[in-house]
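Asks: First the structure, which I've put down as structure tokens, then a few questions once you've had a look.
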Amino acid sequence: MSAARRRPGWARLGILVAALALLATACGDKPLDTMDPAGPEAQSIKDLIVPIFIIAGIVFVLVQGAVIALWWKFRVDEPEDPADERPGTYADDEFPDQVHGNLNLEIAWTIIPTVLLAVISVFTLITLFDLDGVDAADDDLRITVVGQQWWWEFQYHLDGNTDTPPDFVTANEMVIPVDQQVPLLITSRDVIHSFWIPRLNGKQDAVPGSEFEWVVEASEIGDFAGQCTEFCGLSHGYMRMFTNAVEPAEFEAWAAEQVQSAPLLDEADEGFEGQQVFLANCASCHIITGVTSHVDADGDNLADVDTWDVYDGANKIVDPAILTAGVAPNLTHLMSRNTYAGSFFDLYDDDGNVNRAELEEWVFNAPEQKPNNPENRQGMTSFVGVLTAEQLDDVVDYLETLE
Amino acid sequence: MAITEEPPLELTTGSAPAIADRPLGVLTRPQGSVGWRSWLFTVDHKRIGIMYGAAALVFFVIGGIEALFIRLQLAQPNGTVLGADLYNQVFTMHGVTMIFLVAMPLGAAFANYLIPIQIGARDVAFPRLNAFSFWCFLGGAIFINTSWVLGGAPDGGWFAYAPNTGVLFSPTNGLDFFAIGLQITGIASLVSAINLIVTVVNLRAPGMTWFKMPVFTWMMLVVQVLLLFAIPVITVALVLLIFDRLYDANFFNVAEGADPLLWEHLFWIFGHPEVYILILPAFGVISEIIPVFSRKPIFGYPFMVFSGIAIGFMGWGVWAHHMFASGIGPISVAAFSISTMFIAVPTGVKILNWLATMYGGRLRFTTPMLFAVGVVSMFTIGGLSGVTHAVSPADTQQTDTYYIVAHFHYVIFGGVILGLFGGMYFWWPKVFGHMLNEKWGKLNFWTMLIGFNLTFGPMHLLGLQGMSRRIQTYSSGQGFDFWNLVSTIGSFVIALSVLIFVMNIWLSKRNAPNLPPPGPDPWDGRSLEWSTASPTPEHNFDYVPDIESLDDFWHRKWGEDENGRIVRLASAAEIAQDGSRTGVHLPSPSYWPIVAATGLPLIGYGLIFNLWLSALGGAVLLGAIYGWIMEPADDPDAGHGHGDEHDDEHGDDGPDDEAPAAETEEVAPVG
Ligand code: HEA
Ligand code: HEA
Ligand code: CUA
Ligand SMILES: [Cu+2]
């Protein structure tokens, strides 16, 4: 009787396991798939975990098989009882052998898992130390990755020297050359975030006050999606990013563009009105290199100092609001990116045109598009009742000039 | 020894000084053993256990409803059921509720009810402290939940990583309720742990040496030791957090040079022992159920005991496996990775010993047995995914995804919840004097098993496909749509199962008068609690039993004949104590535990809103302490002058407590 009831659950579980095996190896539209590596680090991790999944699967089959076999072989039927309210009773002579234990068996099933785990340990340690460390030369590209509620900033050091100001700063999308290991220094401006591009490598937490070394390397050209995975407050779920792996020549060209400053426009230039609106409303948070000049209480330009220099006693920022909102995405080359606002929104539609309506909604009322808490100096503020329709139009026109 | 001097024991009953009976004359103790007041002021470990269990089930429904909201929000991409802020509050409260207000107190319910009657004691060592523990837990639990209507629930996740929990990033009061409330429930856990440890160490029946104790009691002892060492660490962390939030201290303020990983270390030094605090009670429960329904003794009893101790102790050395991605360095990661894996060895010993107990047995799949075997089966899945987490390079892919959500729901729901549900079905006749209906029980089990696997099985896939945890929304095009919907459907199957259980409780109660009473020993049990009446009499045992062997009660029912065949020596009805003895000295009820426990939440509200409330709470607490101390040892009309901590148990009753042993002397007991 109970056997009939058992089967649906077990059958479903079996289907799940089979589905797991299938999907773990299938390619599909799964941009964050940890089992579809596109770089050597992610490949190493997969090579380590697949055999361990197989071992776990075998142990699982053995244990579940034992449970089912014991049920099948040693079950006894319920006694006939009309009320069915006194289950579990046995006849007085219904006793199996009263085995209390077996030392040899205990030793065996203590040693066997120990040996198995020792083997797994060896491979774990090999992979762990293999993944640790940086192969890149000292003068190779390095990127400082900064997490901030709720988006990512990337500071490029083209010559690999992270002790000097970055060559340029961008947001949400990190462009790297393919087939080159790119060392990262990962940190945070506010709370703990976690940097993760699952097809390239595992996670590294971004901890404020620390700079942790990590690497990304792509073996193929493409856009690789990422997600912040450490809970960091209100909009944790909207904190995404991309890594775009391109040909080295293309990377060089892109970088050459990124180091360019934006022009400071004259009254006669197209977009002048928009730039004025931007300077009046946006420059307190955003930087456009060549246009804005963001300074702290001591007159140091924030774009020119290392992230955590602002926390030295002698150079401490006066207004804590700046801690969370003062350093906003660098917009100098906004239009060279594909996504914005934590990579949650597409900048271009499928035809390659700017999603202007969405961008206007964002600029006009960012907290409506993505949970922000500007009253607590977290995220971008709302300009409802501040910008007129014309000003909004002007400033978005201006944004579109930031190639 | 000079360090503490003790006089020789005076066992004669001298006349107590008259002053002892009424030191002040006004602080008397409550009377009566029926009605709501008898529950409010009780110090009886059995009633306290029942109240823990009832409260835990209520919070289980609350936490379950929170889970259903989570699943509804995630059923579709771009869900709109909950906004981001509310979602963060809901998942935080779901986790806090399930861990601290459901799983831990449900374990405490079993511990409080069963430990004294499994070791042959009349009550716990400190009955009034026991009542205080319960009311402290309930006060803290209600305190945390009132945050919903007093400015918003905590929204930092159950492990509340700094610096996100600082005022700058979390300005509402939710996290104040979290930090203060968990300190209040922590006091309850700590006091209860001390009480239960002393009970097991000091109040075991004559002859019950350590290795004659049931496995359940052993596992609960390990749990209490874990609590004793773990709660102070989380207390320090919460104190620092409250100092930061209320008094602008800078322990977690990075701008002032703090290291945010300090919180992570403190939390997980508590948090990893916490997970074994959750699972070991369930392991103890199924160690009692499986032998009964296999009709065999537990296989490898010493190994079962030592593996539980090993799990409890090894749990102290692996906390940083929750921090593999946090930058602690490869040497530390290597050390914690390896040490974590090897906890699978004692856990595997348990799994295999349960299977070996079943091997060759007469397996009767009653509802408790179904739940027990379900634990063996489902917990193994969660344990194995735990081992894959211990592979630290792989964990950097799996951590903070739904793969880990699958891991811990398989070990917690598949281990703790299934195990304790089985325990409820097993001991229900002992506690309430009637059985839960078997048909409804089996329906409860199967719907729960199906729903559970439907809900959490898909999460393994979602995690490996990259779905992060704690995200309120996901987009179509990420590949998460189908399995999230399956998971949501599964969660409602679980809700159906819980409704079936609630209905079973009600129907069984209603039908009980029409059925024959279960008697003291409905399952032909092995341990001591089956040797007294059902429901358990207030004084537990008419006579304190004299213990000669492991499973002593079973050996008094069954012996071996000259051919080695098992023969009945006596029926349970013949040798079980019927609970009819009167005049047994017991601790009297007391007003002060609940009064003292009332002061703590008042202090908490005062810290958050107005310090005058704290002063009021402090006055209540201090007054309760004085009342407690000055209270006469017993009901002044009871005619006893003894202390209420049972120190005179053996001195007073002496040999009269011995159950007659003559009947068993003629036949050698098995084993
Ligand atoms: C009841 C609670 C419970 C239990 C018992 C366990 C048991 C185990 N847990 Fe789990 N764990 C949690 C609750 C629990 N855990 C929770 C709540 C979290 C997350 C908290 C959060 O982040 O919110 C967590 C997180 C967690 C992590 C952190 C992941 C991360 O955040 O990155 C790790 C990593 O090592 C881990 C490992 C283990 C291991 C190795 C075991 C072992 O004890 C399991 C051992 C059992 C078996 C292995 C199965 C039986 C054994 C055999 C059949 C023998 C043969 C087996 C082998 C040879 C492998 N757990
Ligand atoms: C004991 C521990 C426990 C238990 C039992 C559960 C049970 C469940 N959990 Fe939970 N869970 C946690 C502990 C637990 N969880 C923890 C610690 C976290 C992490 C939190 C954090 O990240 O901070 C978490 C997180 C968590 C998440 C991840 C959220 C996120 O990261 O965004 C999800 C997602 O689906 C989830 C789902 C569920 C579901 C569907 C159940 C279901 O099994 C629940 C089923 C129960 C019911 C459905 C009962 C309801 C009953 C009724 C409605 C009947 C009504 C009856 C009457 C009124 C009489 N849990
Ligand atoms: Cu940043 Cu989560
Ligand atoms: Cu742990």
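Asks: Among the numbered criteria (1) surrounded by fewer than 24 Cβ atoms within 10 Å (Cβ to Cβ); (2) away from ligand 4 (no atom under 16 Å from the Cβ), which single criterion is violated by B:Gly386?
Replies: (2)
Asks: Considering only residues that are within 21 Å of B:Val215 (Cα to Cα), more than 7 Å from chain A (Cβ to nearest Cβ) and of a type in the set (Phe, Trp, Tyr), which ones fall in the range B:335-365?
Replies: Correct list: B:Trp354 only.
Asks: Also, quick follow-up: Give the range A:210-241 a look and list any residue that's more than 16 Å from ligand 2 (Cβ to nearest atom) and free of Cβ contacts under 8 Å to residues at least 24 places away in the same chain, or say none.
Replies: Scanning the range A:210-241 gives a single hit, A:Ser210.
Asks: With the range A:151-241 as the region, which strands (runs of 3 or more DSSP E) entirely inside it contain at least 1 residues that are buried (at least 22 other Cβ atoms within 10 Å of the Cβ) and near ligand 3 (Cβ under 10 Å from one of its atoms)? Walk me through it before giving the result.
Replies: Working: elements: A:151-157, A:168-171, A:173-177, A:182-188, A:193-195, A:204-206, A:212-216, A:222-227.
It comes to A:151-157, A:182-188, A:193-195, A:204-206, A:222-227.
Asks: For B:Leu586, are the conditions met, namely being part of a helix (DSSP H, G or I) and under 29 Å from the mean Cα position of the chain (by Cα)?
Replies: Working: part of a helix (DSSP H, G or I): no; under 29 Å from the mean Cα position of the chain (by Cα): yes.
In short, no.
Asks: For the list (1) touching a Leu at 6+ places or on another chain (Cβ under 9 Å); (2) surrounded by fewer than 23 Cβ atoms within 10 Å (Cβ to Cβ), I need the number of the one condition that B:Asn78 fails.
Replies: (1)
Asks: State whether one or more residues within the range B:476-488 are open to solvent by 20 Å² or more (accessible area, probe 1.4 Å), away from ligand 4 (no atom under 16 Å from the Cβ) and at positive phi.
Replies: Yes, the range B:476-488 has at least one match.
Asks: Further, regarding this structure: Got a sec? Which of B:Glu288, B:Glu264 is within 16 Å of ligand 3 (Cβ to nearest atom) and assigned to a helix (DSSP H, G or I)?
Replies: B:Glu264
The rows are residues; the columns are (1) without any contact (Cβ under 8 Å) to a residue 40 or more places away in the chain; (2) open to solvent by less than 20 Å² (accessible area, probe 1.4 Å); (3) in contact with a helix residue (DSSP H, G or I) (Cβ under 7 Å, 6 or more places away or on another chain).
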site	(1), (2), (3)
B:Asn145	no, no, no
B:Asn173	no, no, yes
B:Ser192	no, yes, yes
B:Leu196	no, yes, yes
B:Leu203	no, no, yes
B:Met220	no, yes, yes
B:Pro232	no, no, no
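Asks: Quick one: is B:Ala282 within 13 Å of ligand 1 (Cβ to nearest atom), out of contact with any Asp or Glu (no Cβ under 7 Å at 6 or more places or on another chain) and small (Gly, Ala, Ser)?
Replies: yes
Asks: Residues of the range A:16-54 being farther than 21 Å from A:Phe123 by Cβ, at pLDDT 85 or above and of a type outside the set (A, V, I, L, M), which ones?
Replies: Listed by number, the residues that qualify are A:Lys30, A:Pro31, A:Asp33, A:Asp36.
Asks: Another question, if that's okay. So, in the range A:341-365, exactly how many residues are under 28 Å from B:Gly166 (Cα atoms) and crowded, with 19+ Cβ neighbours inside 10 Å?
Replies: Counting residues in the range A:341-365 that are under 28 Å from B:Gly166 (Cα atoms) and crowded, with 19+ Cβ neighbours inside 10 Å gives 4.
Asks: Among the numbered conditions (1) in contact with a helix residue (DSSP H, G or I) (Cβ under 8 Å, 6 or more places away or on another chain); (2) more than 16 Å from ligand 3 (Cβ to nearest atom); (3) within 27 Å of B:Ile404 (Cα to Cα), tell me where A:Trp254 comes up short.
Replies: Just one mismatch for A:Trp254, condition (3).
Asks: Taking only pairs six or more apart or across chains, which ones have beta-carbon atoms under 7 Å, a first residue in the range A:99-124 that is at the interface with another protein chain (Cβ under 7 Å from one of its Cβ atoms) and free of Cβ contacts under 8 Å to residues at least 40 places away in the same chain, and a second residue that is open to solvent by 80 Å² or more (accessible area, probe 1.4 Å) and assigned to a loop (DSSP other than H, G, I, E, B)?
Replies: From residues that are at the interface with another protein chain (Cβ under 7 Å from one of its Cβ atoms) and free of Cβ contacts under 8 Å to residues at least 40 places away in the same chain, the pairs are A:His100/B:Gly671.
Asks: In addition: Mind checking which residues of the range A:345-367 are assigned to a helix (DSSP H, G or I) and more than 16 Å from A:Asp394 (Cα to Cα)?
Replies: Across the range A:345-367, the qualifying residues are A:Ala366, A:Pro367.
Asks: Just need a number here: residues in the range A:199-239 that are more than 7 Å from chain B (Cβ to nearest Cβ) and basic (Lys, Arg).
Replies: 1
Asks: With the range B:1-101 as the region, which helices (runs of 4 or more DSSP H) entirely inside it contain at least 2 residues that are at pLDDT 85 or above and of a type in the set (A, V, I, L, M)?
Replies: Working: elements: B:36-40, B:45-74, B:84-96.
Correct list: B:45-74, B:84-96.
Asks: For the range B:318-334, give me each residue that is part of a helix (DSSP H, G or I), within 10 Å of chain A (Cβ to nearest Cβ) and open to solvent by 20 Å² or more (accessible area, probe 1.4 Å). Break it down into steps so the answer makes sense when it comes.
Replies: Going through the range B:318-334, the residues part of a helix (DSSP H, G or I) turn out to be B:319-323, B:330-334.
Keeping just the survivors that are within 10 Å of chain A (Cβ to nearest Cβ) gives B:323, B:330-331, B:333-334.
Result: B:Pro330, B:Ile331.
Asks: Any chance you could count how many residues in the range A:182-198 are at the interface with another protein chain (Cβ under 7 Å from one of its Cβ atoms), within 22 Å of A:Asp33 (Cβ to Cβ) and within 16 Å of ligand 2 (Cβ to nearest atom)?
Replies: 1
Asks: So which residues in the range B:453-466 are open to solvent by less than 20 Å² (accessible area, probe 1.4 Å), facing another protein chain (nearest Cβ under 9 Å) and in a helix (DSSP H, G or I), if there are any at all?
Replies: Scanning the range B:453-466 gives B:Asn453, B:Gly457, B:Pro458, B:Leu461, B:Gly463, B:Leu464.
Asks: Considering only the range B:398-415, how many residues are open to solvent by 10 Å² or more (accessible area, probe 1.4 Å), without any contact (Cβ under 8 Å) to a residue 60 or more places away in the chain and within 12 Å of chain A (Cβ to nearest Cβ)?
Replies: Qualifying residue count for the region: 1.
Asks: Still on this structure, please answer the following. Being within 16 Å of ligand 4 (Cβ to nearest atom), part of a helix (DSSP H, G or I) and farther than 30 Å from A:Leu131 by Cα narrows it down to one residue among B:Gly441, B:Gly415, B:Gly423; which is it? Please lay out each step first, then the result.
Replies: Working: B:Gly441 fails: within 16 Å of ligand 4 (Cβ to nearest atom); B:Gly423 fails: within 16 Å of ligand 4 (Cβ to nearest atom).
Of the residues listed, the single one that is within 16 Å of ligand 4 (Cβ to nearest atom), part of a helix (DSSP H, G or I) and farther than 30 Å from A:Leu131 by Cα is B:Gly415.
Asks: Here are some residues: B:Phe379, B:Phe313. Which one is more than 10 Å from every other protein chain (Cβ to nearest Cβ), part of a helix (DSSP H, G or I) and within 16 Å of ligand 4 (Cβ to nearest atom)?
Replies: B:Phe313
Asks: Also: Can you tell me which residue within the range B:258-293, out of those that are open to solvent by less than 10 Å² (accessible area, probe 1.4 Å) and charged (D, E, K, R), is farthest from ligand 2 (Cβ to nearest atom)?
Replies: Residue satisfying both the conditions and the ranking: B:Glu264.
The values are calculated or read from the model by the stated rules, or taken from the named source; none is laboratory data. Just so you know, these numbers come straight off a predicted model, no measurement behind them. For neighbour counting, all protein chains shown are included, and Cβ atoms are generated from backbone atoms with ideal geometry for every residue, glycine included. Quick note on the areas: whole protein, heavy atoms, side chains included, nothing else; ligands and nucleic acids left out. Shrake-Rupley method; radii C 1.70, N 1.55, O 1.52, S 1.80 Å.
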